[in-house]
Amino acid sequence: MLPRQRVLRMPSPRHSVLFSTASRRTSICSVRASIRQGQHIAPRLQGFSKDSFPPSLSPFSTHAALGKQQKGSGFFDAIEPLTEEEKKANQENKDKEAAEEKEQKDVEKAKSSSSDAKSKEGGQGTSESPENKGSAAGSAASGSSGEGSGGDGGKRGRKPGDKALAKPVVPEIYPQVMAIPIAKRPLFPGFYKAITIKDPNVAAAITEMIKRGQPYVGAFLFKDENADDDVIRSADEVHDVGVFAQITSAFPMNGQGGEGTSLTAILYPHRRIRLSELIPPGGADAASKATPTEPVPEPIPKATDESTQKGDVVASFEESAVVPPPKLDFTPKPYEPTSFLKKYPVSLVNVENLTEEPYDPKSQVIRAVTNEIVNVFKEVASMNSLFRDQISTFSMSQSTGNVMSEPAKLADFAAAVSAGEPNELQEVLSSLNVEDRMHKALLVLKKEHVNAQLQSKITKDVENKITKRQREYWLTEQMKGIKRELGLESDGKDKLVEKFKEKADKLAMPEAVRKVFDDELNKLAHLEPAASEFNVTRNYLDWLTQIPWGLRSAENFGIQNAMTVLDEDHYGLKDVKDRILEFIAVGKLRGTVEGKILCFVGPPGVGKTSIGKSIARALNRQYYRFSVGGLADVAEIKGHRRTYVGALPGRVIQALKKCKTENPLILIDEIDKIGRGYQGDPSSALLELLDPEQNSSFLDHYLDVPVDLSRVLFVCTANMTDTIPRPLLDRMEVIRLSGYVADEKMAIAERYLAPQAQELAGLKGVDVELTKDAIEELIKSYCREAGVRNLKKQIEKVYRKSALKIVQELGEDVLPESEALTDEGKAAKEESEKEEKKASEEPASANTEASEKETTEVPRVALKVPENVHVTIDKDNLKDYVGPPVFTSDRLYDVTPPGVTMGLAWTQLGGAAMYVEAILQSALKPASRPSLEITGNLKTVMKESSAIAYSFTKSWMANNFPKNDFFDQAKIHVHVPEGAVQKDGPSAGITMATSLLSLALEKPIDPTVAMTGELTLTGKVLRIGGLREKTVAARRAGCKTVVFPKDNESDWLELPENIKEGIEGKPVSWYSEVFELIFPDLDREKANQSRAAAIESNKEKKEKEEDGKSGDESD
């Protein structure tokens, strides 16, 4: 008996790096197990032991070595010597086997292609002739022939009674197999593939096949890529060329070993086959009822306890372990290997083996294509690491020189590892001509090469985008490291801490602020730079050290200097200038000044905002302005909490940071237009800011430390005080700026507006004269508003028209476009023309770059106007520049009829002359009833004033002129012109009463008299506001007398003389005084007559006169 040799123990495919079961019939392992030719891959499986195999695989795994065996061709040629016990066991079994030789031969005929699936612990086997072939389970290695063959499997001891193992062979002819359809890509001989079986019947059939030792199937590719089934219903569903494959391993998907569940099977294709006939499921029902006396292999006895405990999962085919069946009394029927499959609804097919057509190994074409395939493999491997691993594995499985000598295998390998189209791969599988197969495989591999190149290009593009940034980062880090090593630079965080310390040492921080600073600095030193809190703390310390703690600008307390600066920038405004001079005088006496809160109130265009900048220049203080018009967020004043992303301090703290002094001048503009929203009330937040008693410790939400604002000079501006909250208004010192009168506007236009407008129009140094008469006409007929903003616009318009006239008269030849452009301008123009041409050719092209290329700082040279050019704008030709006059007369009425009186009103734009008109709607008759109608867009207060005036005049007439029954019978209509403007206020009381009395007495009023005052029912004249603006409006309207309440006499005395010039003020306390001033020469007897009786008497007189005339004519 030949000595037994140890067979290499195979690892489970589940643990092999060469297997992949991730998807159904799509994953392929490119390991070429050249088993049939006797090559080995056993070196890759060294170090595996039986403990590496999970016991759950044993019912579904079959492992055996197969392939032609050449002596010394394996990787393991050394034979392990048998132990004494094994030699003794062989000698004892020799006699028994000789006696049973005849019976065993009968059994071997019936079981030539299968054996029992139970595994033994040692994986023992006997040597066989070189012609014999074995099956590869997973990555099994075959033993060599003769005594020189052997495996280097496990070295466990064997029991003396163990039987020798016989290796099974893969049948060369297997006419009928179970067919399994494959999706997506076909299988190629020599390359593993994992498939998933979902059909429980197919899974059960595979399980029984493995148990019976007949794990052979046929694998055919679906023609439909989307097909997914485990049974072939029709031969047209699949390609007729497939592979004959062996199931090397199978295990359930759900982890349970019961039949009828889905499982994953590892297929190893051996050869190409062609489908000749399909036996679909259910087509062999009669055959499934075969007699039960059909000889079938007896079940293999269970393994010993020791084998079971050790959990060997390798199912070897042990010929000697089969118990010989008893002799039968009848002649057995021919054995059919697949007869047991007929009871399952699976696909059975009759197949025939396909062999390659003969070819000339020395053919130049084959050699050239082979070399090209190898070259493409090298190129793809250099770009794809997966290909590199697969090619390395394939090369290790081949002997030296076999790649070039076996072009058919190389073509199969190229197709197996390529991700080509299913039809292209199937053509490679169907090609029996080696040269044709290699061309098709090369085509598939070339496509894979193109994909690899594209993938490599994409990868390089992405890497190039990030390489520059990474390179800069590494270089920066290296530079930092070098500087740290040389002591030139400390760590970024340490340097930041040192910088904050240096900045804080230069500041005179209060003790409380210094303590907070030290705590935050210590916190920063212990934080990691990558922490989110690090940036928050750093920003906080940055703000804390940028506030000018203890830093103040050197103020200028020179009175003469302040007067010079203020007069240079503004004309008039005596009240404002006196207040600033007082502020400076106090500072000069004390050596220091405290901050004040001033509020300039006046109409638009009178210089409220600009005066703030002049004050800062006069005091040598830094200037900061921000507007609160429409502001509805408290955080703009008090700052945001540090917990918010992007939090910032309030505008006041930002002003200190920008000005870098503790005593700047902060101008808060449009304080009367501050808003209120869901984010708080900013006007209430200003109470702390603008309170001299509280702003010495102003607390910002962001800084959360007290900041001293007592040295800041706050200047606020407003058009009116009505919308300012009373508590806030009480904290400010209000200085009212009235509108300008004509002589003030004239001075402002000559000194400031005209020179500025001339320079802006490009006429500086040009003889363009705007005469004084023209300016007076502008003020009188075009610009009657309180401020000078509209006057400035009209003067600018005059100079612009003059510039156009000069350029038109000079012509284009004086400065052609070619000479007007500078070198930079010419370059910009050329670039612009290029961009326009490109845009016309390519309309879809972007024009964003043109703005950068077409701009320059000095594109043109200025036109120099000759000295002989003279332009004069006077009163006569002014309308050619600004159009016809807007106001054609000084007053609405040059001669006022009875019932019309001029009143004075205050508006946001200053004062205005307001007329009150009263008429009699119908003739007075004894039977008529009195009524009063009021129009003119009057609001509630003014309507009440008209009702009071109507009642008072009726009472006045009843007391002073009892016989005059005008108001008992008159239907009166009172109207205030400019109905589109809303009017309200009590100051029109004496004006309405005077208008009604003028209508009742039929006495017109002097058109140069204007009046204002609130009237009570008893005739008392009460105080009003805005006397300065009203006086300015009266002078602008050409009035000579102004009647005002006596309580406003102090306001009248404070008015500048230039405003009161030419106007006589008449203070009154009761309406009787007004009556005496308005109607000095009234005929009281005539006024005390009944208007209705007088009308009747006049009517009778007229009738008598007419009758007398008619009688004379008849005579």
Residue by residue, what Karplus-based ³J(HN,Hα) values in Hz, rounded to whole numbers, does region 630-642 have, using 6.51, -1.76 and 1.60 with θ = phi - 60° and x for Gly and Pro? x, 5, 10, 10, 5, 5, 5, 9, 9, x, 9, 5, 5
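Take the eigenvalues of the Cα gyration tensor for region 864-950, scale each by 5, and report the square roots as semi-axes in whole Å, largest first.
Working: eigenvalues 455, 62, 18 Å².
They are 48, 18, 9 Å, listed largest first.
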If the convex hull of the alpha-carbon atoms of region 950-1021 is projected onto planes in all directions, what is the mean projected area in square nanometres? 5.6
Give Lys184/Lys446; Lys446/Lys468; Lys780/Lys875; Lys493/Lys658; Lys772/Lys797 a once-over and call out the pairs whose C-alpha atoms are over 23 Å from each other. Lys446/Lys468; Lys493/Lys658
Over 10 Å intervals from 0, what percent of Cα-Cα pairs in region 453-545 sits in each interval? 14, 30, 25, 16, 10, 4, 1
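Using a probe of 1.4 angstrom, how much of the accessible area of region 539-587 is carbon and sulfur, in percent?
That share works out to 52 percent.
Glu1106 to Asp1083: extension gain in nm, 0.36 nm per residue of separation minus the Cα-Cα distance? Please list the in-between numbers first.
Values: separation 23, 0.36 × 23 = 8.28 nm, distance 2.89 nm.
This chain segment gains 5.4 nm when fully extended.
Tell me the per residue accessible area of region 920-1008 using a 1.4 Å probe; a whole number in Å² is fine. Let's see the in-between values first.
On the way: 4090 Å² over 89 residues.
Normalised by residue count, the accessible surface of region 920-1008 is 46 Å².
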Apply the Karplus parameterisation 6.51 cos²θ - 1.76 cosθ + 1.60, with θ equal to phi minus 60°, to every residue of region 267-281 and state each ³J(HN,Hα) to the nearest whole Hz, in sequence, with x for glycine and proline. 9, 10, x, 9, 7, 7, 9, 10, 7, 9, 8, 10, 9, x, x
Ordering 410-422, 645-657 by per-residue average of other C-beta atoms within 10 angstrom, highest first, gives 410-422, 645-657
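Based on the alpha-carbon gyration tensor of region 400-499, what equivalent-ellipsoid semi-axes (square roots of 5 times the eigenvalues) come out, in whole Å, largest first?
Values: eigenvalues 684, 47, 16 Å².
Over the Cα atoms of region 400-499, the ellipsoid semi-axes are 58, 15, 9 Å.
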Name the residues whose placed amide hydrogens come within less than 5 Å of the amide hydrogen of Ile934, ignoring near sequence neighbours (fewer than 5 apart) on the same chain. Val974
Rounded to whole angstroms and listed largest first, the alpha-carbon spread of region 645-699 along its three principal axes comes to 33, 32, 22
Ranking Ala508, Thr467, Asn522 by how far each Cα lies towards the positive end of the charge dipole of region 445-522 (+1 on Lys and Arg Cβ, -1 on Asp and Glu Cβ), the top one is Thr467
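What does the charge dipole of region 945-988 about its Cα centre add up to, to the nearest 20 debye, if the Cβ of each Lys and Arg holds +1 and the Cβ of each Asp and Glu holds -1?
Dipole size: approximately 100 debye.
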Given labels modelled 7 Å from the Cα in the Cβ direction, how far is it in nm from Leu1017 to Lys772? 5.6
Please list, in chain and number order, the residues 5+ apart from Tyr623 or on another chain whose amide H is under 5 Å from its amide H, with Hs placed from the backbone. Leu665
For region 500-654, with every protein chain kept in place, what is the accessible area per residue (1.4 Å probe, Å²)? 49
Label-point gap, in nm, between Ile559 and Thr888 - each point 7 angstrom along Cα→Cβ: 5.4
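How big, in percent, is the set of alpha carbon pairs in region 681-747 lying more than 15 Å apart? Mind dumping the intermediate values first?
Values: 1377 of 2211 pairs.
Percentage above 15 Å: 62.
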Give me the distance in nm between label points sitting 7 Å out from Cα along the Cα-to-Cβ direction at Ala923 and Ser710, one decimal. 8.1
Can you tell me how much longer the chain between Arg676 and Lys362 gets when fully stretched, taken as 0.36 nm per residue apart minus their C-alpha distance, in nm with one decimal? 103.3 nm
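Using per-residue counts of other Cβ atoms within 10 Å, averaged over each peptide, order 209-220, 234-245 from highest down. Write out the running numbers ahead of the final one.
Numbers: 209-220: 24.1, 234-245: 20.3.
In decreasing order of mean packing, 209-220, 234-245 become 209-220, 234-245.
Over the Cα atoms of region 965-1105, compute the convex hull volume and normalise it per residue, giving Å³. Mind dumping the intermediate values first?
Details: hull volume 21.3 nm³, N = 141.
Taking the convex hull of the Cα positions in region 965-1105, it is 151 Å³ per residue.
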With region 991-1049 reduced to its Cα atoms and the Debye formula applied, log10 I(q)/I(0) at q = 0.14, 0.27 1/Å amounts to -0.43, -1.18
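Given a Förster distance of 45 Å, report the FRET efficiency between Ile466 and Glu502 from their Cβ-Cβ distance, rounded to the nearest 0.05. Working shown, then result.
Working: r = 38 Å, r/R0 = 0.84.
Here the calculated transfer efficiency is 0.75.
With a Förster radius of 56 Å, plug the Cβ-Cβ distance of Thr459 and Asp569 into 1/(1 + (r/R0)^6) and report the FRET value to the nearest 0.05. Write down the numbers at each step before the final one.
Working: r = 69 Å, r/R0 = 1.23.
Taking R0 as 56 Å, the efficiency between Thr459 and Asp569 is 0.25.
Packing-wise, with mean Cβ within 10 Å as the measure, how do 363-375, 779-791 rank, highest first? Write out the running numbers ahead of the final one.
Numbers: 363-375: 14.9, 779-791: 21.2.
Listed from highest to lowest mean packing, they are 779-791, 363-375.
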Amide H partners (placed H, <5 Å) of Asn556, local residues excluded: Asn620
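The values are calculated or read from the model by the stated rules, or taken from the named source; none is laboratory data. Everything numeric here is computed off the predicted structure, so don't read it as measured data. Reconstructed Cβ throughout: ideal geometry from the backbone, glycine too, with neighbour counts over all protein chains shown. To get the accessible areas, we keep the full protein, side chains included, count just its heavy atoms, and leave off ligands, DNA and RNA. Shrake-Rupley method; radii C 1.70, N 1.55, O 1.52, S 1.80 Å.
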